[in-house]
1. Would you mind computing, in nm to one decimal, how far apart the modelled labels at V75 and F287 are, each placed 7 Å from Cα along Cα→Cβ?
2. Report the FRET efficiency, 1/(1 + (r/R0)^6), for V294 and V53, where r is their Cβ-Cβ distance and R0 is 51 Å, rounded to 0.05.
3. To the nearest 20 debye, what charge dipole does the stretch 102-276 have about its Cα centre, counting +1 at the Cβ of each Lys and Arg and -1 at the Cβ of each Asp and Glu?
4. Work out the charge dipole of the stretch 102-276 with +1 on the Cβ of Lys and Arg and -1 on the Cβ of Asp and Glu about the Cα centre, then indicate which of G219, V154, A243 is farthest towards its positive end.
5. Count the net charge of all other residues whose Cβ sits under 13 Å from the Cβ of L187, scoring Lys and Arg as +1 and Asp and Glu as -1.
6. Mind checking the full-extension length gain between V156 and L10? Use 0.36 nm per residue of separation minus the Cα-Cα distance, one decimal, nm.
7. List I101, I282 from most exposed to least, where exposure is judged by having the fewest other Cβ atoms within 10 Å.
8. Would you please give the FRET efficiency between A205 and I27, computed as 1/(1 + (r/R0)^6) with r the Cβ-Cβ distance and R0 = 41 Å, to the nearest 0.05?
Amino acid sequence: MLPFILRRVLIGIVTLLVASFVLFAAITILPGDEVRALFGFGAVDTEQYRLIVERLHYDRPFLVQYWLFLQDFVVGDFGLTLQGAPIGPIIRSRIAPSLWILLGVTLIQLVLGPLLLWLSVRRPRTPLERVSSTATIILVSVPTLVAAFVLQAVMVYWTDLLPSPKWIYPPSELAGWRNYVMPILALGVGTAAHLAMVGRVELLATLSQPYITTARGLGIPRDRILKVEAMRPTAGRVVQLVAANTAVLLTGLIVVEDVFQVPGLGSALLEAIQGQDRLLVITMLMFVLAGVLVVNTVADILHGWIDPRVRAEDF
């Protein structure tokens, strides 16, 4: 198991380095001069322009810029924004609301996803199976943006079950747990349904394997086959799917934070893009990239632990 883990960690590190270089290059070569844009339509202060360019290392060759950025990122010194504000405090002040939303979404995936999956395979060709399958398809088909506006209309304006979000961070009485309900539901229900849909396909494929047919022939109860014999190989695939959903969740996070005015990383990234702050955009996207790769590396390791066949195929 240890060699398998070390290989997966090494692959993750190499992938992060390659992806960070591609990300830095893609954003760096974009046309436009964000430093010049700071001066608006007025005359450019040549000396101030030069100082900002030097501070951001824009006067250095591309590879030097990338190396300096990578060094700063590794040691936790993320540099300054275009306006000269430290990037580190911006990220630290925005990360908590986003983490709470992602934690809630993960819990919904791990509870609602397996529940919908179980209902859809427990009793095939029954009204319960048809209802759960239909509900899953509907939930998967609703875009995150539409779900956010529908939830806001139903829970705030029609029924008054939840307050209209009035975020003040650090949390106060105006930013309690109720303000997290709609962002979590808008982002979590659809991903949980997607997990159930793909998990159902994997589980049905497992149930068609010869060893399952043998287990049925030996008289092993259907519930035991579902819970024990078929679930273990399926669980590894589901773990990988939850990890793969991380990138989708981070994209959806920008949507829900913008709709509900959450002061999180998603809204901060959107503000950085609108402000053409290249270094801030790259730094925040690097956090997203690192988070996705870490989650997927952990998922690969868990998959190998759950299903020994994965470790065997790695050699």
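What follows draws every value from the coordinates through simple rules; no lab data is involved. Since this is a predicted model, take the numbers as computed values, not measurements. Glycine also receives a Cβ, built like all others from the backbone with ideal geometry; neighbour counts cover every protein chain displayed.
1. Placing both labels 7 Å beyond Cα along the Cβ direction yields 2.1 nm.
2. It comes to 0.90.
3. Around 980 debye, computed over the stretch 102-276.
4. About the Cα centre, the residue reaching furthest to the positive side is G219.
5. Here the count lands on -2.
6. This chain segment gains 47.8 nm when fully extended.
7. Ordered by Cβ neighbours within 10 Å, fewest first: I282, I101.
8. Working: r = 41 Å, r/R0 = 0.99.
Efficiency for this residue pair is about 0.50.
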